[in-house]
Amino acid sequence: MTHYQNILLAIDFSDQGHYVGQKAQSLAEQFNAQLHIVHVLDNIPMPGTPYGTVIPLHEKSPDELLEAEKNKLIQISDQLGIAPARRWLIWGEPQQEIIRLAAQEHIDLIVTGSHGRHGLAVLMGSTAKEILYHAQCDVLAVHL
Ligand code: AMP
């Protein structure tokens, strides 16, 4: 059986996110893998930081929307025991940034929810589907 070493949890802060997070955490424990987490900011204007599109979590920003998103990511990461160096907040287009980050960090399993903020109208959400089609590694879409 494949032993995953680097697992990436993609979290969109929807209500079911904690369930997807628990699955990713238990897989990481099972495989003794490093757990990474990413949230892609696609619903707020590009934050004015000097750092580009990867938003540092330890720097305070005057942007209230950005601070709120940061705090959500920090809270979930703390709950799941994810090390600060493996927490990612990135501005951009979700599927593109998740796939790019997965390649950069040598991720061998991406964990998403089958649905997210875009609702339950279709069998599988668009972000999850795009990741499944285009990622270079395994993808687990947790059924919601
Ligand atoms: P969707 O396909 O947009 O309904 O979302 C399905 C899953 O994709 C969610 O449960 C998350 O795991 C992931 N996802 C969607 N949007 C984002 C985002 N902005 N940042 C990180 N993960 C996301």
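For the reader, a short list of remarks on this structure follows.
- Leu73 being modelled with pLDDT of 95 or more and either surrounded by 13 or more Cβ atoms within 10 Å (Cβ to Cβ) or within 11 Å of the ligand (Cβ to nearest atom) (or both): yes
- Contact annotation: residue pairs with Cβ atoms under 7 Å, 6 or more positions apart or on different chains, pairing a residue in region 92-121 that is at positive phi with a partner that is of a type in the set (A, V, I, L, M) and modelled with pLDDT of 95 or more, are Gly92/Val40.
- Taking the conditions (1) under 20 Å from Ile131 (Cα atoms); (2) not in a loop (DSSP other than H, G, I, E, B) in turn, Gln75 satisfies each one other than (1).
- Selection count where residues are within 22 Å of Ala128 (Cα to Cα) and away from the ligand (no atom under 15 Å from the Cβ), scope region 34-70: 1
- Search result, residues across region 1-17 that are more than 11 Å from the ligand (Cβ to nearest atom) and surrounded by 14 or more Cβ atoms within 10 Å (Cβ to Cβ): Tyr4, Gln5, Asn6, Ile7
- For Gly119: the one exception among (1) at pLDDT 95 or above; (2) of a type outside the set (A, V, I, L, M); (3) within 13 Å of the ligand (Cβ to nearest atom): (1)
- Those residues of region 26-48 which are surrounded by fewer than 19 Cβ atoms within 10 Å (Cβ to Cβ) and part of a helix (DSSP H, G or I), in sequence order: Ser26, Leu27, Glu29, Gln30, Phe31
The values are calculated or read from the model by the stated rules, or taken from the named source; none is laboratory data. As the structure is a computational prediction, the values presented were derived from the model and not from experiment. When we count neighbours, we look across all protein chains shown, and the Cβ atoms used for this are built from the backbone with ideal geometry, even at glycine.
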